Amino acid sequence: MPLTLYTFSSPPRFYALTGVLVPVCWALCVALTAAGLWMGLFVAPTDATQGEVYRIIFIHVPAAWMSMLLYLVMAFWAGIGWAFNARLASMVARAIAPTGAMFTFLALWTGALWGRPTWGTYWVWDARLTSELILLFLYLGYIALTEAIDDVRRADQAGALLAIVGSVNIPIIYFSVKWWNTLHQGATVSLTAAPKMADTMLTAMLLMTFACWAYAFAVVFTRTRALILERECGAAWVRELAPGGAR
Amino acid sequence: MNSVFAAVLARDLRLAARRRIESLLPVAFFLVAVSLFPLGVGPEPQTLRQIAPGIVWVCSLLAAMLSVNTLYAGDLADGSLEQMLLAPGSVLQLVWAKAAAHWLVSGLPLIVAAPVIGLMFGLPAQALATLVVGLLLGTPILSLLGSLGAALTLGLRSGGMLLILIVLPLATPTLIFGAGAVDAVGSGLSASGHHSLLGALLIASALVVPWATAAALRISTE
């Protein structure tokens with residue numbers, strides 16, 4: 001059969017494809033993490049101003065990038081699922097949300113651990129920190145709303161609407177928080193003033209970013225597979241796959 | 001063309017007038033919640049003056065979110081919501097009228113009460129005027145966003161808490177500019193920038209949010 005854009009929008013084919021892809025993603029994730037950590041912890045030079053503690057950047061920055069990107073990806077697939085009634089797209093959106101929330105939390109957590117030795121405090125109400133915190137609330141709102149609705153179709157559609165409204169709001173929130181911060185006492189330390197990065201640092205950070213990508217793909221695919229089995233449990237191919245399983 | 005809007009607005013206002021005590025609950029909540037802050041923070045006038053705009057704004061936000069919960073719930077329970085969605089005429093007008101009714105019933109009393117609260121917190125006259133103008137521009141945004149939350153959480157078990165969780169992040173810009181306007185006046189700056197941004201937010205949400213709310217109502221009643 002010809003390979004088209006819609007080939008893998010069918011749950012059984014997507015299930016078969018991701019069954020092959022998930023181990024590949026995990027292998028990539030492990031290899032990239034090992035390479036990234038080796039580069040970051042042993043090859044990259046010590047920072048002139050911050051010393052060794054800056055090395056937390058190799059997990060902090062990829063996590064922050066992933067957190068923002070995954071929200072947009074989630075809103076995109078949720079929107080596709082709502083507009084074209086594509087079941088699989090909605091499932092992917094639902095599967096992305098916990099991973100996105102995890103990366104947002106990781107970015108905040110590593111940021112706090114980084115802030116303590118460099119800024120002298122775990123938390124400042126800096127524009128970026130605050131908007132990242134609000135992003136975490138947006139993720140939690142999406143997860144809470146979709147989990148609170150029992151009807152799957154309504155949950156997917158309501159979640160899609162909320163995710164889209166949220167993604168329209170993200171720039172407004174970011175700029176309002178930024179302006180709010182400059183009106184109040186500004187943060188004394190700014191990351192934008194940091195000196196240019198060494199090449200090895202940048203390489204390590206990119207390696208870690210790709211590792212996060214591979215991890216996100218692996219986890220989202222695994223979660224989507226579970227959602228497919230759950231929602232398609234009446235389908236013949238799922239019954240064949242798990243004879244005597246849940247019905 | 002405006003018949004749907006006028007009819008729904010008149011109906012909701014009449015319903016509110018028939019349940020007068022219930023309609024006054026948001027402003028009562030507002031007064032009680034605001035009065036708790038001096039008890040918790042301490043009676044120092046300087047501190048209270050500094051935190052007054054933030055307190056007034058946060059409490060109006062909570063009052064709006066707690067009262068908007070029932071905006072569509074009653075109509076859903078007695079089936080009139082489905083009839084209104086089926087009836088000829090724009091759903092947008094219905095959504096508009098509902099949000100307007102919510103603002104008139106629970107937003108406007110807060111704006112009347114806010115100057116009194118501001119006096120109790122020792123705000124000067126100019127800050128009071130800024131606070132009221134900000135609330136006039138900002139509370140309709142809260143009613144609009146709240147109606148979206150109410151439509152999304154329609155008929156759900158934990159609807160109230162859920163509505164607050166999903167709407168509060170969206171309402172942060174309103175809070176920032178509303179409270180920021182009073183702070184700006186307090187430090188000798190003009191509040192017009194903040195008020196212009198609040199006005200822009202109001203126009204944007206008046207155009208976009210009712211559309212999303214109408215979609216949410218269709219999703220929730222399908």
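When you look at the Cβ of every residue in A:171-178, what mean number of other chain Cβ atoms sits within 10 Å?
Across A:171-178, the average partner-chain Cβ count within 10 Å equals 4.
Taking chain A as the reference, fit the longest principal axis to its C-alpha atoms, fit the long axis of helix A:11-38 to the helix C-alpha atoms, and give the angle between the two in degrees, 0 to 90, nearest 10.
20 degrees
Can you figure out the FRET efficiency of B:L86 with A:Y6, using R₀ = 30 Å and their beta-carbon distance, to the nearest 0.05?
After rounding, the FRET efficiency stands at 0.30.
At q = 0.13, 0.28 Å⁻¹, what is the log10 ratio I(q)/I(0) for segment B:32-86, with the Debye formula run over Cα points and no solvent?
Debye intensities relative to I(0), on a log10 scale: -0.50, -1.03.
Shape of chain A from its Cα gyration tensor (a ≥ b ≥ c, root eigenvalues): rounded if a/c is under 1.5, otherwise prolate when a/b > b/c, or oblate?
Oblate is the answer for chain A, as a/c is 1.5 or above yet b/c matches or exceeds a/b.
Working out 0.36 nm times the residue gap between B:T70 and B:A206, then minus their Cα-Cα distance, what length gain in nm do you get to one decimal?
Gain on stretching B:T70 to B:A206: 46.9 nm.
Starting from the alpha-carbon convex hull of segment B:92-222, give the projected area averaged over all orientations, in nm².
For the Cα atoms of segment B:92-222, the hull's average projected area reads 8.2 nm².
Which residues does the label zone of A:C233 cover in segment A:132-160, counting backbone N under 12 Å from a point 7 Å along Cα→Cβ?
No residues fall inside that zone.
Along each of its three principal axes, how wide is the spread of alpha-carbon positions in the protein assembly as shown, in whole angstrom units, largest first?
For the protein assembly as shown, the Cα extents along the three principal axes come out at 65, 62, 37 Å.
Mind sorting A:F103, B:F37, A:F8 by how few other Cβ atoms lie within 10 Å of their own Cβ, fewest first?
Fewest-to-most Cβ neighbours within 10 Å comes out as A:F8, B:F37, A:F103.
Whole Å is fine, so just give me how far the alpha carbon centre of segment A:128-149 lies from that of segment B:64-90.
So the separation of the two Cα centres works out to 26 Å.
Determine the shielding of peptide B:168-180 by partner chains: average, over its residues, the number of Cβ atoms on other chains within 10 angstrom of each Cβ.
Across B:168-180, the average partner-chain Cβ count within 10 Å equals 6.
How many percent of all Cα-Cα pairs in segment A:36-126 sit more than 15 Å apart?
67 percent
Using a 10 Å cut-off on Cβ to Cβ distances, tally the other chain neighbours for every residue of A:130-139 and report the average as a whole number.
2
Rounded to two decimals, what ratio of Rg to Rh does segment B:3-221 give with C-alpha atoms and a Kirkwood Rh?
When Rh is taken as the Kirkwood radius, the ratio is 0.99.
Rounding to the nearest 10 and keeping the result within 0 to 90°, find how far the Cα-based axis of helix A:87-119 lies from the longest principal axis of chain A.
20 degrees
How far is the Cα center of segment A:59-85 from the Cα center of segment B:145-168, in Å?
First find each Cα centre; the distance between them is then 22 Å.
Starting from a Cα-only point model with no solvent, please compute log10 I(q)/I(0) by Debye for segment B:24-124 at q = 0.23 1/Å.
Result of the Debye calculation: -1.14.
P(r) of segment A:111-154 in 5 Å steps, Cα pairs, percent per bin?
Taking every Cα pair in segment A:111-154, the percentages come to 6, 20, 17, 15, 12, 10, 8, 7, 4, 2.
Where a number appears in this text, it was derived from the coordinates with a stated rule and is not lab data. Note that the structure is predicted; figures quoted are calculated from it, not measured. Every residue, glycine as well, gets a Cβ built from its backbone with ideal geometry; the counts of neighbours run over all protein chains shown.
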